[in-house]
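Q: Handing you this structure, nothing more for now.
What follows is calculated from the coordinates using simple rules that are stated; it is not laboratory data. Because the structure is a prediction, the values reported are computed rather than measured. Cβ coordinates were reconstructed from backbone atoms using ideal geometry, including for glycine residues, and neighbour counts include every protein chain displayed.
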Amino acid sequence: MNLKRMFSAAAIAVSLVASATSARAEALDDIMKAGVIKIAVPQDFPPFGSVGPDMSLKGYDIDTAALIAAKLGVKLELVPVTSANRVPYLQTKKADLVISSLGKNPDREKVIDFSVAYAPFFNGVFGPKDLPVAKADDLAGKIVGVTRGAIEDLKLSEIAPATATIKRYEDNNGTITAFLSGQVQLVATGNVVAAAILERNPPKRPEIKFLIANSPCYIGLNKGEPKLLEKINAIITAAKKDGALDAVATKWLGDKIPTDL
């Protein structure tokens, strides 16, 4: 009798675990049934997300969130977050997805899942189209501006040839001004800062010459949601192919997404 009870209890336990797993995997069904998707987005990190003059949220991540909602055929509910609370908002179900310039790392992968990459986020050397630079050795004899102490400053110090002149500035605004005023020929910076330069419409528009470090952005979602993950991956993959993400990237970053994103 006790043995029967033991087997019965074990069977119930397995059934409960299976039911719980199934329930967790139905997030997409819940979204479609509700007709609303809640997406956490940044509000203080332009051009990925910021508050416009009319107090509405705007940016790369907001446009990506709108794209996903439109492809799902549901209403979009934006949930403003900070870097510190974006993952907790996801885990506590305050958001179905996080689209907030989220990078992937081993610690985060332990607690949430990630889609395919949807946005470029990288540090590199930027300069005008007519300046022939394709690798670190090509910086020989060139003047390069960089923000003091930034990761690109440290990396540039390691790879730049001895004949390159590196001018260091105290903040990104100083680096931007140096390029716009012609004090430097190139800048080593992040693609977000390069986008800020492009907004000024300089005579010589900076384009990426070569990468220093690459850390693309991914959409975050809770673990155990394979249907939602598959759907989001399909939407992003299609948007890469049909040019929809190129339009978003060009609008906010000044260039199309990299071909290897």
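Q: Mind giving me the nanometre distance, one decimal, between the label points for residue 129 and residue 83, set 7 Å out from Cα along Cα→Cβ?
A: 3.4 nm
Q: From the phi of every residue in the stretch 103-115, what ³J(HN,Hα) in whole Hz does the Karplus formula 6.51 cos²θ - 1.76 cosθ + 1.60 yield, where θ is phi - 60° and glycine or proline is x?
A: Values per residue, Gly and Pro as x: x, 9, 8, x, 5, 5, 5, 6, 10, 9, 9, 10, 7 Hz.
Q: Quick one: which of 30-36, 215-221, 103-109 comes out on top by average Cβ neighbours within 10 Å, and what's the full order, highest first? Intermediate results must be reported in sequence, preceding the final value.
A: Details: 30-36: 14.1, 215-221: 22.0, 103-109: 11.3.
Sorting 30-36, 215-221, 103-109 by mean packing, highest first, produces 215-221, 30-36, 103-109.
Q: While we're here: Once label points are set 7 Å from the Cα along Cα→Cβ at both residue 158 and residue 26, what is their separation, rounded to one decimal in nm?
A: So the label points at residue 158 and residue 26 sit 5.0 nm apart.
Q: For a Förster distance of 51 Å, can you work out the FRET efficiency between the beta-carbons of residue 223 and residue 165, rounded to the nearest 0.05? Working shown, then result.
A: Working: r = 49 Å, r/R0 = 0.96.
Result of the calculation: an efficiency of 0.55.
Q: Just for the stretch 122-214, what percent of DSSP beta bridges are antiparallel, to the closest 5? Please list the in-between numbers first.
A: On the way: 11 of 19 bridges.
So the antiparallel bridges amount to about 60 percent of the total.
Q: Roughly what % antiparallel, to the nearest 5, for the DSSP beta bridges in the chain? Don't jump to the answer; show the numbers that get you there.
A: Details: 22 of 39 bridges.
Here the antiparallel bridges make up roughly 55 percent for the chain.
Q: Can you pull the one-decimal nm distance between simple spin-label points at residue 44 and residue 107, each 7 Å off the Cα toward Cβ?
A: Between residue 44 and residue 107, the label points sit 1.9 nm apart.
Q: Using 0.36 nm per residue of separation minus the Cα-Cα distance, give me the extension gain between residue 241 and residue 75 in nm, one decimal.
A: Working: separation 166, 0.36 × 166 = 59.76 nm, distance 2.42 nm.
Extra length from residue 241 to residue 75 when fully extended: 57.3 nm.
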